[in-house]
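*Asks:* Okay, here's the structure, questions in a sec.
The values are calculated or read from the model by the stated rules, or taken from the named source; none is laboratory data. Everything numeric in this text was worked out from a predicted model, so none of it was measured. For neighbour counting, all protein chains shown are included, and Cβ atoms are generated from backbone atoms with ideal geometry for every residue, glycine included. Ligands, DNA and RNA are stripped out before the accessible areas are found, and what is left, the full protein with its side chains, is counted by its heavy atoms. Shrake-Rupley method; radii C 1.70, N 1.55, O 1.52, S 1.80 Å.
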Amino acid sequence: MTELVRAIYEIETALPLEQAAEVMAGEQSSGTFVAVARETAELKLRHRATVAAIEELPPSGRPPLPGAAGDWSRARRGRVMIDFPLRNFGPSLPNLLAAVAGNLFELREVGALRLVDLDLPGAFAEAYPGPAFGVDGTRKLMDRPDGPMIGTIVKPSVGLGADELAALVTELAEAGIDFIKDDELQGNPPHLPLAERVAVVTDALQRVADRTGRLPMYAFNITDDISRLASNHDLVRDAGGRCVMICVTTVGLAGLQYLRERCELPIHGHRAMFGALSRSPQLGLDFVAFQKLARLAGADHLHTNGISNKFYETDDQVVTSIAAVRAPLFGGYQTLPVLSSGQSPGLAPATYGMVGTADLLVLAGGGIHGHPAGPGAGVRAMRSAWDAALTGEDLDQRAGRDADLATALETFGRR
């Protein structure tokens, strides 16, 4: 039996849905806009993508994307499933995307098109080993066997000098933080180059570990040209660092996979720029599809956004994204969901109630650094709030005997 990739789309078109779907299948396989020499029936049978199913949906009421053909007053919307023969491109993520996305977003025949999911054959599991550490490996390195992993981002995002950064990570580590990360804006700047940042941070954290016995995980942003990813990783590893971070969408899936093949540390996958691919409901790809590709390419951690976030996604969308990352892929490919964007202690009960798991890395930037008593108090307030959420204790009752949490709730509220 021919191995197939099933791509699932939501489209809107002024044409009959069946006609638009056939155009999509032909455009991304053996078809052209006119019949050509050597386009035989045998070739089409072997290589043409086929429309597997169409489910009509209510029209969205939105105007079409620029250049869409037809009378939009007759727009029809549907969920379209197209099967692509794996023999056309093989188990390669860059070539997979060329097939299932490629030129589709430019077709005049559609006024909206979004890739919402992918069903991949086992050949991809054979080609891509996926995350090396995942949830269990990250917990072991952090020495946090249960409960949520509490983390933060270096704030201000850029501009801190070496001494200021050392003081900040020392305070956070002494407060019991599990995880600290560079911001996606902090790469290899002249004022604090990556090599100097790695030396300063690893030294500061080790000094705290020598006193407390706990060494937080720090994710150094090594995002760069692909030719420098391996050397950046080696710099972190050789200094005793225990995590590297890359922006998945800016280095690309091939860059992530390149790093995974050479990496000895967990890879923290940031989704900076993902909104450009996903924000419009009429165009791009859904996080459900994106996360499968990032997990295959080797992301041990992957940002999902958080509830009551400062960005555009609804709570329902975020919960769906977290569930997608936690769902088994080929029976495994364990990746840790990372909650971020406007998180604070007051959100702990609602978050736990919505997602139903503590296998989370919860990052609070301003929600920790903005605590009036300092970042250390912010860490303690986050830990206390999540302890209450997991045990079912009322947050106000906990705050009655926890001054750091009480101050956090007064400052940040329960957005």
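*Asks:* Go ahead and set up a Gaussian network model of the chain, Cα springs under 10 Å, then flag whichever of Ala294, Ala98, Ala348 fluctuates most.
*Replies:* Ala98
*Asks:* What distance in nm separates the simple spin-label points at Gln206 and Ala230, each placed 7 Å from Cα in the Cβ direction?
*Replies:* 2.6
*Asks:* Also, I was wondering about something else. How long is the gain from Asp387 to Ala276 if the chain were fully straight, where each residue apart is worth 0.36 nm and the alpha carbon distance is subtracted?
*Replies:* 36.4 nm
*Asks:* I've got another one for you. Expected output is a single nm value to one decimal: the length gained when fully extending between Asp71 and Lys140, i.e. 0.36 nm times separation in residues minus the C-alpha distance. What is it?
*Replies:* Result: 19.0 nm gained on full extension.
*Asks:* While we're here: How big is the dipole moment of the chain about its Cα centre under a simple scheme where the beta carbon of each Lys and Arg is +1, that of each Asp and Glu is -1, and everything else is neutral? Debye, nearest 20, please.
*Replies:* 320
*Asks:* Work out, in µm²/s and without decimals, the Stokes-Einstein translational diffusion coefficient of the chain at 10 °C, 1.306 mPa s, Rh from Kirkwood over C-alpha pairs.
*Replies:* Here the translational diffusion coefficient equals 69 µm²/s.
*Asks:* Using only the alpha carbons of segment 256-412, determine the length spanned along each of the three principal axes and report them from longest to shortest in whole angstroms.
*Replies:* Here the spans come out as 48, 39, 27 Å, largest first.
*Asks:* May I ask for the equivalent-ellipsoid semi-axes of segment 84-134, computed as the square root of five times each C-alpha gyration tensor eigenvalue and listed largest first in whole Å?
*Replies:* 26, 13, 9
*Asks:* For segment 122-180, take the alpha-carbon Rg, divide it by the Kirkwood Rh, and send me Rg/Rh.
*Replies:* Reported Rg/Rh (Cα atoms, Kirkwood Rh): 1.17.
*Asks:* Estimate the FRET efficiency between Phe330 and Asp163 by the formula 1/(1 + (r/R0)^6), using the beta-carbon distance for r and 41 Å for R0, to the nearest 0.05.
*Replies:* E(calc), rounded to 0.05, equals 0.30.
*Asks:* Connecting C-alpha atoms closer than 10 Å in a GNM of the chain, tell me which of Arg228, Arg401, Arg380 has the biggest fluctuation.
*Replies:* Arg401
*Asks:* Restricting attention to the alpha-carbon atoms of segment 216-259, what are Rg (one decimal) and Dmax (integer), both in Å?
*Replies:* Radius of gyration, then largest Cα-Cα span, for segment 216-259: 10.0, 29 Å.
*Asks:* Just subtract the alpha-carbon distance of Ala239 and Met354 from 0.36 nm times their residue separation and send over the number in nm, one decimal.
*Replies:* 37.5 nm
*Asks:* With a 1.4 Å probe and all protein chains left in place, how much of the accessible area of the chain comes from carbon and sulfur atoms, in whole percent?
*Replies:* Percent of accessible area from carbon and sulfur atoms in the chain: 51.
*Asks:* Another one. By its C-alpha gyration tensor, with a ≥ b ≥ c as the square roots of the eigenvalues, how is segment 123-261 shaped: rounded for a/c under 1.5, else prolate for a/b larger than b/c, else oblate?
*Replies:* Oblate.
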